[in-house]
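Participant: Attaching a single structure in structure tokens format; questions to follow.
The values are calculated or read from the model by the stated rules, or taken from the named source; none is laboratory data. Since we're looking at a predicted model, the values are computed, not measured. Neighbour counts run over all protein chains shown; Cβ positions are idealised from the backbone, glycine included.
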Amino acid sequence: MNLPLSVLRSAWRLGLFLCVASLALVHSAWLALVEHRLPPATRRARWLRHWCARVSPLIGVGVEVRGRAPDGGMLVCNHVSYLDMLALTAATEMVFVSKAEVRRWPLLGQIARAGGTLFVNRARRADVAEVGDEFVPVIQEGVVLTMFPEGTSTGGDRVLPFHSPLLAPAARHGWAVTPAWIGYEVEDGVVEKDVAYWRDMTFLPHFLNLLGKRRVRAVVNFGPPLRNSDRKALARDLHREVSRLAGRGGSAQLPAQPPQPASRHA
């Protein structure tokens, strides 16, 4: 019996991904032991970018970067998929802020920890405040700190309102915050179903289906950095700019529609 080409492609890419991910984690452990010249956030961000650049072509993901990536400070972006990390790190080294549940995900959780991800339980105000204190050394190292202030992922067709609590350190310290927008195209599928990871999707079936697609193209648009001493005003300004960047991206629709049902993926 002849298997469909997409199934063979998925199996081949999964094998490559597992091999490369395993090598990456071994490399991370080795760097933690022997690399003492670089500060920790810089080392981890550099490691993450190095390996993301190797994973992307192996799983059929290409990235187009538009605009100027930041040299430091914070970055906020809409959230569509676990591929967002691959797309954003194609532009520069960065450390991510993620929901606490990601820490426990098989393999991806290990990669996130190795890459210096800061985990936050958004439901606990104290946790949000505590993780905000961890932003300072990352910013001081000159590493870009990236978060997804929608608090959830979408189907890629809109930008949800931004939550402001995690922007409080930027408002307090006067950090520059760069807005960015990510959009996707898939040759033989639909972004909302085959690339976006949202609603009640389960990772493994979604990932295997994604690996079977011929080619996925990510577009990252960067805007100019913004500052504001009021975190709520800063969130509104950033949301407005990300929505503008989405309109320039060519694949996202941004009417004033009610938000999609909340996803458990963020």
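Participant: Of the numbered conditions (1) under 23 Å from THR117 (Cβ atoms); (2) at pLDDT 95 or above; (3) among the aliphatic types (A, V, I, L, M), ALA233 satisfies every one except a single condition; which is it?
Facilitator: Only one criterion in (1) under 23 Å from THR117 (Cβ atoms); (2) at pLDDT 95 or above; (3) among the aliphatic types (A, V, I, L, M) is unmet by ALA233, namely (1).
Participant: Across segment 213-252, what is the total count of residues that are assigned to a loop (DSSP other than H, G, I, E, B) and not basic (Lys, Arg)?
Facilitator: 9
Participant: Can you give me the ranges of the strands (runs of 3 or more DSSP E) entirely in segment 81-150 with at least 1 residues that are touching a residue at least 60 places away in the same chain (Cβ under 8 Å)?
Facilitator: 94-99, 144-147
Participant: Mind checking which residues of segment 22-46 are closer than 24 Å to ASN209 by Cα and surrounded by fewer than 16 Cβ atoms within 10 Å (Cβ to Cβ)?
Facilitator: Hits for segment 22-46 are SER22, LEU23.
Participant: Which residues, taken from segment 151-185, are surrounded by 19 or more Cβ atoms within 10 Å (Cβ to Cβ) and part of a helix (DSSP H, G or I)?
Facilitator: Within segment 151-185, LEU166, LEU167, PRO169, ALA170, ALA171 qualify.
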